[in-house]
Amino acid sequence: AKGAGRNRFSYFTPALQVAALNRMRLTNDLRGAVKGNQLRVYFQPIVHLRTGRIHKAEALVRWQHPQRGLVSPLEFIPLAESSGLIVEIGEWVFKEAARWVRQWRSQHHPDFQVSVNQSPLEFQRDGQGYEHWFAHLQELGLKGSAILVEITEGLLLDAGSGVTDKLLQLRDHGIQVALDDFGTGYSSLSYLKKFDIDYLKIDRSFTRNLAPQSSDMALSEAIIVMAHKLGLKVVAEGVETAEQRALLLRAGCDYGQGYLFAPPLPAAEFDAMLKAQLAI
Ligand code: C2E
Ligand code: CA
Ligand code: CA
Ligand code: CA
């Protein structure tokens, strides 16, 4: 019986072991990635649909692994979260975002904004608020409105007073807040009333299926109307076609983000895109 147990054990483990080992190795490599200069921040334009102008950009982290090449955030962000490394990574992303938004505010538009993603773990960091962010922005001579924070609905679902306090703290300093991936999670509309949120980002799973008379079209229209009534602006994620853009515009959506406009770009390329837009 003992032998059979051992057999069963060895029969089932290899694939799991390989996956677990892979995760361990990657997490270990990630530890050195920040200091080893392997992280990059890409910027994806957020376009004002009516005018077609780039008003904002979302900062999205990339990992240039020395052996594996570019590793997707979908793979390494979960590892960063479970290992706690996300805090260090997020701080670095924030500083890069601040550095670039300063340049774009002075060279492109004084109201330009860069948004940064904050995992629940980063947002709820024990005993620490965003004071060091405010100090950093002040050092750079930037107003809080230069930065937009993207959070997800899950954070608001079990929001203790800590979450509410931090949202208020951000607001007091002029940093705006966007609710990311709207429609994928628990999507209680009551959050929008209860918390001071400035932007709602419609998840790309809705955008993907937009077609006249489709149910996702009806849902998107309803979300946009409701958001506007509550004083929020709406960003549609994952806009890939001109038809989607037209339907969103007709539904009154404020902003679009997606491959139709541009994929996430290295800062220098994004910068060139802004300059080209100025020439139009
Ligand atoms: P997200 O915040 O929902 O970011 C949008 C994702 O959609 C990005 O994936 C972007 O490249 C992708 N995307 C943009 N336009 C299109 C489109 O038209 N079609 C399609 N199919 N995809 C599009 P990415 O960069 O791979 O990031 C994946 C996720 O990783 C992000 O989802 C976010 O949750 C997380 N993430 C990325 N950077 C950071 C970061 O600095 N901090 C934290 N905490 N999370 C991050
Ligand atoms: Ca986001
Ligand atoms: Ca999103
Ligand atoms: Ca997402």
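The values are calculated or read from the model by the stated rules, or taken from the named source; none is laboratory data. Bear in mind that the values here come from a model prediction, so they are computed numbers and not experimental data. As a convention, Cβ positions derive from the backbone with ideal geometry for all residues, glycine included, and neighbour counts pool all protein chains shown.
Here are some notes:
- Only one entry of T207, T241 meets the criterion of being over 30 Å from K166 (Cα atoms), within 16 Å of ligand 2 (Cβ to nearest atom) and either at pLDDT 95 or above or under 20 Å from the mean Cα position of the chain (by Cα) (or both), and that entry is T207.
- Restricting attention to segment 56-82 and to residues that are away from ligand 2 (no atom under 16 Å from the Cβ) and buried (at least 18 other Cβ atoms within 10 Å of the Cβ), the residue that is farthest from W133 (Cα to Cα) turns out to be V71.
- If only residues of segment 178-204 that are aliphatic (A, V, I, L, M) and at pLDDT below 90 are counted, the one that is nearest to ligand 3 (Cβ to nearest atom) is L192.
- Within segment 170-183, residues that are closer than 14 Å to G231 by Cα sit with their Cβ atoms under 9 Å from residues that are away from ligand 2 (no atom under 11 Å from the Cβ) and of a type in the set (G, A, S), at 6+ positions apart or across chains, in these pairs: Q176/G144; Q176/S145.
- Given (1) within 16 Å of ligand 4 (Cβ to nearest atom); (2) surrounded by fewer than 16 Cβ atoms within 10 Å (Cβ to Cβ); (3) under 21 Å from K201 (Cβ atoms), number of the condition Y42 does not satisfy: (2)
- Within segment 42-51, being touching a Phe, Trp or Tyr at 6+ places or on another chain (Cβ under 9 Å) and more than 16 Å from ligand 2 (Cβ to nearest atom) holds for H48, L49.
- Hits in segment 21-68 (condition: within 16 Å of ligand 3 (Cβ to nearest atom) and over 18 Å from K95 (Cα atoms)): P45, I46, V47
- Lone unmet requirement of (1) out of contact with any Phe, Trp or Tyr (no Cβ under 7 Å at 6 or more places or on another chain); (2) touching a residue at least 24 places away in the same chain (Cβ under 8 Å); (3) within 18 Å of I46 (Cβ to Cβ); (4) part of a helix (DSSP H, G or I) for L274: (1)
- So L230, is it touching a helix residue (DSSP H, G or I) at 6+ places or on another chain (Cβ under 8 Å) and closer than 20 Å to Q113 by Cα: no
- Pick from segment 45-80, criterion of a type in the set (K, R) and more than 8 Å from ligand 1 (Cβ to nearest atom), ranking: nearest to L200 (Cα to Cα): K56
- The residue that is farthest from E81 (Cα to Cα), counting only those in segment 123-152 that are acidic (D, E) and surrounded by fewer than 18 Cβ atoms within 10 Å (Cβ to Cβ), is E139.
- Within segment 110-127, the set of residues being away from ligand 1 (no atom under 13 Å from the Cβ) and at pLDDT below 95 comprises D126, G127.
- Just one of the listed residues (V101, V87, V93) is closer than 16 Å to F43 by Cβ and under 15 Å from the mean Cα position of the chain (by Cα), namely V93.
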